[in-house]
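One structure below.
The values are calculated or read from the model by the stated rules, or taken from the named source; none is laboratory data. Just so we're clear, the structure is a prediction, and the values are computed from it rather than from any experiment. Please note: Cβ atoms are built from the backbone with ideal geometry, for glycine as well, and neighbour counts cover all protein chains shown. Each accessible area value is taken on the protein alone, full model and side chains, heavy atoms only, with ligands, DNA and RNA left out. Shrake-Rupley method; radii C 1.70, N 1.55, O 1.52, S 1.80 Å.
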Amino acid sequence: MAIARAELARRARELARRVQEEWLEKEAGSGAGGEGRPGADSGWALALAGSGATGFRDTVSRLDLVAAGPAEAVQRLRNRLAPHGEPGGPGSLHRLPAWAGGGHLALLAWDELAAAARRPDEATVILLGAAEPLLDPGGRLAAHLAPLRQLPPDWYRQQAARRYRALRRRTASMAWNLRRGQAFAFLAGFVQWLEHFLLLCRYADGEPPVDRKWLLQAAMRTSLGRQCRADLYALFSGLGEIATLGGSYDPKENRLYGTIARLHGLLAAALRQRGLLDERDEPRDDTREETP
């Protein structure tokens, strides 16, 4: 059963307060004038992140938090805590204690947060774009997060151009895999291709990226995702044909590749219509002989 938004916010604030007082300040010291006085302004601020903030929470979701704090205190914590998950976003990622639910904790020093917010990449937006401040004395955390909630059109154009170039290269590589009879390489390439495609669905509607766990359902909510839904689901249903490589080593005769090429064309047309596709990135025949 889903948790009401108000109840979720209440639980998250209680958790954030306990994490700050019983864990962050205890493990690292407050690093400011509030040291030793629970609830005082210790230089820490916490926000709700992950599925709770993005609206993808379900009954088995854990509460994830972002904590920003003084550089020295953050470094002391990092020296004590094991890293968790894949690196790539700003700051460091750790596991919250079992009594806190065992969710993720993204740990950033204030200067790291400021730098990430000034020049946000995809990983920064995924982590922080929807984060909701819970404990934020003076509104310092909210001020850093505010620009990430309304990204400028140029940001979407840059990300769309980068992702479309990567998708086009992956389309060509999968054609090469077919010609060589490389079923596993084709499947690995398809996963990468699909991530590019789904993110481009988001960018075409001016929607921010989301974590991979929710990317498919988030992309299907966009106008382009709805337009491509039937072909995408047909492609998923046809993945069993990878064992026989879609019936042909020739990309022009291959059923799987034909669906991929059709989706590629729909995507390119949608991006071009929205002014997100540069002339140099126009679709081309990716079935010709070339190395990936």
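Quick notes on this structure:
- Residue-span extension gain [GLN158 to ALA4] - 0.36 nm each, minus C-alpha spacing: 51.8 nm
- Taking amide H positions as modeled 1.01 Å from N, with prolines and chain starts lacking one, the residues under 5 Å from LEU63 and 5 or more places away or on another chain are GLY103.
- Heavy-atom surface of the range 153-274, accessible at 1.4 Å and reported per residue (Å²): 46 Å²
- Ordering TRP110, ALA82, LEU15 by Cα displacement along the dipole of the chain toward the positive end leaves LEU15 in first place; charges were set at the Cβ atoms of Lys, Arg (+1) and Asp, Glu (-1).
- Nearest-0.05 FRET efficiency for THR59 and ALA114, computed from C-beta distance (R0 25 Å): 0.10
- Only one residue of ALA183, HIS94, ALA161 has its Cα farthest out toward the positive end of the dipole of the chain, where Lys and Arg carry +1 and Asp and Glu -1 on Cβ, and that residue is ALA183.
- Point-to-point label distance, ALA71-GLU253, nm (Cα→Cβ direction, 7 Å offset): 6.4 nm
- Counting protein heavy atoms only, the chain has 50 percent of its accessible area on carbon and sulfur, 1.4 angstrom probe.
- Here the chain carries DSSP beta bridges of which approximately 70% are antiparallel, counting only pairs with both residues inside.
- Taken about its Cα centre, the range 153-274 carries a charge dipole of roughly 300 debye when the Cβ of each Lys and Arg holds +1 and the Cβ of each Asp and Glu holds -1.
- Whole-Hz ³J(HN,Hα) from phi, Karplus 6.51 cos²θ - 1.76 cosθ + 1.60, for the range 138-155, glycine and proline x: x, x, 5, 5, 4, 5, 6, 7, 3, x, 7, 7, 9, 6, x, x, 4, 4
- For the range 153-274, the ratio of Cα radius of gyration to the globular rule of thumb 2.2 N^0.38 Å stands at 1.03.
- Fraction in percent of alpha-carbon pairs per bin - 5 Å, the chain: 1, 5, 11, 14, 14, 13, 11, 9, 8, 6, 4, 2, 1, 0, 0
- FRET efficiency for the pair SER237 and GLU86, taken as 1/(1 + (r/R0)^6) with r the Cβ-Cβ distance and R0 = 30 Å, rounds to 0.55.
- Stretch in the chain that is longest and holds no GluC sites (Glu not before Pro) that DSSP places in a loop and that have at most 14 other beta carbons within 10 Å: 36-252
- In the range 210-271, trypsin sites (Lys or Arg not before Pro) in a DSSP loop with at most 14 other beta-carbon atoms within 10 Å: ARG221, LYS252
- Length gained when the stretch GLN150-LYS213 is fully extended (0.36 nm per residue, less Cα-Cα span): 20.4 nm
- Where Rh is the Kirkwood radius over Cα pairs, Rg/Rh for the range 179-245: 1.03
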